Amino acid sequence: MIQNKYNILWVFILTASLLGAFLLVKSAYANSLELPDYAFTKPGIKEAYSYAKLNQVNLEGLPCNCGCMTDAANHGGRLHSRGLIDCFMQGDLNSGGKWDKHASECGLCYEDALLAKSQYDKGKSKYEIVEILKEKYSKQIISNKTVWGNSDDN
């Protein structure tokens, strides 16, 4: 009879341990920012989407250099007008806006958001970051023109 009580006790301990482990793992992988599934394709993309969610105003007004601010046809039919933040979301997520998949598929967008994050962390102003982005893309030659002007002018 005593052995039966110990068996029940061990079953209880094992069950509680498994349940605790499950809850621990579940909380470790929780999506507290409610990021979309496509934000988890790479660690950098997740970091950029997290930053965009928590720091929307920091990405507003920063230029996007992939063409989404000038060519709506090649960017999901939506012209991005607020700056780099539009690559991550449509409108304000806190006021009925929704996520945009664009930045998860565009290396320029999410990498520029991470560049902006690192520059803000260094104490740079939005104006300084705009200038850093302009300088970065004034030297990048894909054709005879860059987003910031004709490469022949450099």
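Each reported figure results from applying straightforward, stated rules to the coordinates on display, with no laboratory input. For clarity, every value in this text was computed on a predicted model and none was experimentally measured. Glycine gets a Cβ as well: all are built from the backbone with ideal geometry, and neighbour counts include every protein chain shown.
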For Trp99, the residues 5 or more places away or on another chain with a placed amide H closer than 5 Å to its own amide H are Gln90
The local net charge around Gly44, scoring Lys/Arg +1 and Asp/Glu -1 for residues other than Gly44 whose Cβ lies under 14 Å from its Cβ, equals -1
In the structure shown, of Lys46/Lys134; Lys98/Lys136; Lys53/Lys139; Lys98/Lys122, the pairs separated by more than 27 angstrom at the C-alpha atoms are Lys98/Lys136; Lys53/Lys139; Lys98/Lys122
In order over segment 119-135: 3J(HN,Hα) from phi, Karplus 6.51/-1.76/1.60, θ = phi - 60°, whole Hz, x for each Gly or Pro, gives 6, 4, 4, 8, x, 6, 8, 4, 4, 5, 5, 4, 5, 5, 5, 4, 5
Quick calc: nm separation of the 7 Å Cα→Cβ label points for Leu114 and Tyr38 -> 1.8
For Cys106, the net charge from surrounding residues (Cβ-Cβ under 11 Å; K, R +1; D, E -1) works out to -3
